[in-house]
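Quick notes on the structure that follows.
None of the figures in this text is laboratory data; all of them are computed from the coordinates on show. These numbers were taken from a predicted model, which means no experiment stands behind them. Note that each Cβ is placed from the backbone with ideal geometry, even for glycine, and that neighbours are counted across all protein chains shown.
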Amino acid sequence: MVIVGSGYGAAVTALRLAEAGREVLIVEMGRAWNSPGRDGRVFCKTLQPDGRAMWFKRRTEAPISNIFGLPVVDQPITPWAGVLDRVHLSDAMSVFAGRGVGGGSLVNGGMAVTPKRAYFEEILPFVDAAAMYGTYFPRANAGLRANTITAAALASTPAYRYARVAMKQAATVGLKTVTIPQVYDMDYLAAEQAGTVPRSALRQEVIYGNNHGKRSLDHTYLADALGTGRVTIQTLTRVDGIRREPDGTYVLALVQIDERGHVVRRREIGCGALVLAAGSLGSTELLLRARDGGALPDLPASVGEGWGNNGNVMAARWTNDRVGVVQSTMPVAAIDNWDDPVAPALVEITPFPMGFESMMVGHLAVAKIPERATLRYDAKAAALRADWQRGDNAGAIRALKRVMDPMNRKFRTAYRADLFRGGRIFGDDFCYHPLGGCQLGKTTDAHGRIPGHRGLYVNDGALVPGSVGVNPFVTITALAERNAAEAIVPDLS
């Protein structure tokens, strides 16, 4: 039994198969982030990056490129098997992805949000919502070890002053604010604030990994899976191709590299059952390459369709109020504007932990937009591409403006125009939440099986049709729990 990837879907599938008695091999293209560097830390500093920051880049490619209009954020680094990748799909869209054991859980902001039930039923009408909200979402949140900051802590913690300022200003103009669960340990954060433990969220750590406090998958689902004794993880190994033998065996062409990217070994392995859980981009690319290259020519024509950025767009505004020098990088609050009849969105209140008083607050929109792209594999360039255009984010920008404009008018503040490349006000050429490409109920059946390919499954964010209305990892985890319980484990037992 082989699983490609070690993110949310992969971790769930591995654990549930191992609990059912199956031996599981996880193939992960990144490294295991469990040994410190020469500075004694596993992950590098956000504002002092080195090779650990990015996946084989010569320069960091952070979401925010400028401070006060100066391009001082991105810095030269030595190419190495770092934790964060930025995958460029088109001139108008790139995707941030985690590289390593734990996938995106290593580099995300940890906001563990369950989607609005009505919207979930809209995007996946054939999935039993009662089972999802009664069983699988609770199971996912328990497995992820999600927790919520207390009202008292949110009201008093100095590192969340930026959230309180934004929540107060939003409420003043009639916007609804909510507290969001986190997979960061809120007790650990309180100890950071008290100065009794090493800092992580209060040390500007997030996009290049957290050294402490973060309940990433290597501390939850994957740790539990490895604890069964039936799961093995092969790291720094990419899958270059998939084919199927006449007896039904799936054969994977593997390329093992070292941490500097040099090829160490090439080999093939066979398996009777294969789960693709390499993320929206990774799983889709493997299927596109197999179909278009002729190895699995009868894969569905819909592979690559229905890809979306989950309505992601980012901006910042002045506040006319102090937001704090030390800010927690783990967001815990948002503006819930989902009931807006024109442009629904959940708008996260995000930090800018620059180490000085910036008088600004950031917002990341997760907007409901209908725009979708089709992914294709460019064999000549050996790269995944998407037909996403700049105008496809117009709806997400409109949704964010409907939250930020009223606050700017009320408090006589303005958007920051000195943070993104090209002096743009809106960061609309990247996303954190890639979804789709192997849509549930279209490319696969209702449980992630690929029709006509017995033993071949997709069980990750590629199944979700482009949008879920919130940070997607809880939904991905819950769907993976459902598919494992109702299809994968019964099929393979």
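Quick one: what does P(r) look like for region 155-265 with 10 Å bins over all Cα pairs, in whole %?
Result returned by the calculation: 10, 23, 26, 18, 14, 8, 1.
Order these peptides, 95-104, 117-126, 269-278, by their mean beta-carbon neighbour count within 10 angstrom, highest first. Provide the component values of the computation, followed by the final result.
Working: 95-104: 25.7, 117-126: 14.9, 269-278: 22.1.
In descending order of packing, they fall as 95-104, 269-278, 117-126.
Given 0.36 nm per residue, what is the gain on full extension from Phe411 to Arg266 after removing their alpha carbon distance, in nm?
46.1 nm
Note down the net charge around Glu28, summing +1 for each Lys or Arg and -1 for each Asp or Glu among other residues with Cβ under 10 Å from its Cβ.
On the way: positive: Arg31, Arg99, Arg238; negative: none.
Net of charged neighbours comes to +3.
Restricting everything to alpha-carbon atoms, can you work out Rg to Rh for region 351-431 with a Kirkwood hydrodynamic radius? List each step's numbers first, then the result.
Values: Rg = 16.3 Å, Rh = 15.3 Å.
Checking Rg against Rh, the ratio lands at 1.07.
Using a/c under 1.5 as the rounded threshold, could you call region 76-201 rounded, prolate or oblate? The axes a ≥ b ≥ c are square roots of the C-alpha gyration tensor eigenvalues, and prolate needs a/b larger than b/c, oblate otherwise.
Taking the square roots of the gyration eigenvalues as a ≥ b ≥ c, region 76-201 is rounded.
Quick check on the chain: helices-only [θ] at 222 nm, where DSSP H runs of length 4 and up contribute -39,500 (n - 2.57) each and the sum goes over total residues. Nearest 500, please.
After summing the helix terms and dividing by the residues of the chain, the value is -6500 deg cm²/dmol.
Taking one equal scatterer on every alpha-carbon of region 179-225, how large is log10 of I(q)/I(0) by Debye at q = 0.22, 0.26, 0.28 1/Å?
For the requested q values the scattering log ratios are -0.80, -0.99, -1.06.
Please give the net charge around Val107, taking every other residue with its beta carbon less than 15 angstrom from that of Val107, where Lys and Arg add +1 and Asp and Glu add -1.
Here the charged neighbours net out to +3.
So what is the relative contact order for region 1-117, in percent, with contacts set as C-alpha pairs under 8 Å and at least six apart?
24 percent
Enumerate the lysines that Lys57 could reach by cross-link, defined here as Cα to Cα under 19 Å, with residues fewer than 8 away along the same chain left out.
Lys45
Quick one: what Rg and Dmax do you get for region 246-295 from the alpha carbons, in Å?
Cα radius of gyration and Dmax of region 246-295 are 12.7, 38 Å respectively.
Roughly what angle does helix 279-292 make with the longest principal axis of the chain, taking Cα atoms, 0 to 90 degrees, to the nearest 10?
Helix 279-292 sits at roughly 40 degrees to that axis.
So between Lys380 and Arg424, what do we pick up on full extension, going 0.36 nm a residue minus the alpha carbon distance?
12.6 nm
If I take R0 = 22 Å and measure r between the Cβ atoms of Ser156 and Thr196 in this structure, what FRET efficiency does the formula 1/(1 + (r/R0)^6) give, to the nearest 0.05? Kindly include the intermediate steps, with their values, before the conclusion.
Values: r = 17 Å, r/R0 = 0.77.
FRET efficiency, Ser156 to Thr196: 0.85.
Place the peptides 193-204, 216-227 in order of packing, highest mean first, counting for every residue the other Cβ atoms within 10 Å and averaging per peptide.
Those peptides, ordered most packed to least, come out 216-227, 193-204.
Using only the Cα atoms of region 374-493, what semi-axes does the equivalent ellipsoid have when each is the square root of 5 times a gyration tensor eigenvalue? Give whole Å, largest first.
Sorted largest first and rounded, they come to 38, 19, 10 Å.
Rank the residues Asp460, Asp491, Asp292 as a footprinting-exposure proxy: fewest other Cβ atoms within 10 Å of their Cβ go first. If you can, show how the numbers build up before the last one.
Values: Asp460 36, Asp491 13, Asp292 16.
If I rank by nearby Cβ atoms, fewest first, I get Asp491, Asp292, Asp460.
What whole-number distance in Å separates the alpha-carbon centres of region 1-54 and region 385-400?
With region 1-54 and region 385-400 each reduced to a Cα centre, they are spaced 31 Å.
Round to a whole angstrom and tell me the spacing of the C-alpha centers of region 252-275 and region 151-213.
Each part reduced to its Cα centre gives a spacing of 40 Å.
With Kirkwood's inverse mean 1/r over C-alpha pairs for Rh, give me the Rg to Rh ratio of region 147-211, two decimals please.
Radius of gyration over Kirkwood radius for region 147-211 works out to 1.00.
Quick one: what Rg and Dmax do you get for region 237-327 from the alpha carbons, in Å?
Rg and Dmax of region 237-327, Cα atoms, are 20.6, 68 Å.
Going by Cα centres, region 404-481 and region 76-146 are how many Å apart?
The two parts, judged by their Cα centres, are 8 Å apart.
So what are the three principal axis dimensions of the chain from its Cα atoms, in whole Å, longest to shortest?
If we take the Cα atoms of the chain, the spans are 69, 52, 43 Å.
Once the dipole of the chain is set up with Lys and Arg at +1 and Asp and Glu at -1 on Cβ about the Cα centre, which of Val42, Ala112, Pro181 lies farthest towards its positive end?
Val42
How much length, in nm to one decimal, is gained on full extension between Asp187 and Ala223, taken as 0.36 nm per residue of separation minus their Cα-Cα distance? Write out the running numbers ahead of the final one.
On the way: separation 36, 0.36 × 36 = 12.96 nm, distance 2.06 nm.
So the extension gain works out to 10.9 nm.
May I ask you to sort Trp388, Trp318 by Cβ crowding, counting other Cβ atoms within 10 Å and putting the fewest first? List each step's numbers first, then the result.
On the way: Trp388 24, Trp318 17.
By the 10 Å Cβ count, ascending, the order reads Trp318, Trp388.
Using alpha-carbon pairs under 8 Å, 6+ residues apart, how would you state the relative contact order of region 421-493 in percent?
Working: 73 pairs, mean separation 20.0, N = 73.
Result for region 421-493 is 27 percent.
May I ask you to order 168-177, 329-338 by the average number of other C-beta atoms within 10 Å around their residues, highest value first?
Listed from highest to lowest mean packing, they are 329-338, 168-177.
Once all Cα-Cα distances of region 1-126 are split into 10 Å bins that start at 0, what whole-number percent is in each one?
Values per bin, smallest distances first: 11, 31, 32, 19, 7, 0.
Separation between the Asn34 and Thr148 pseudo-spin-labels, each 7 Å from Cα along Cα→Cβ, expressed in nm?
3.4 nm
May I have the extent of the alpha carbons of region 197-254 along their three principal axes, as whole Å values ordered from largest to smallest?
57, 26, 13
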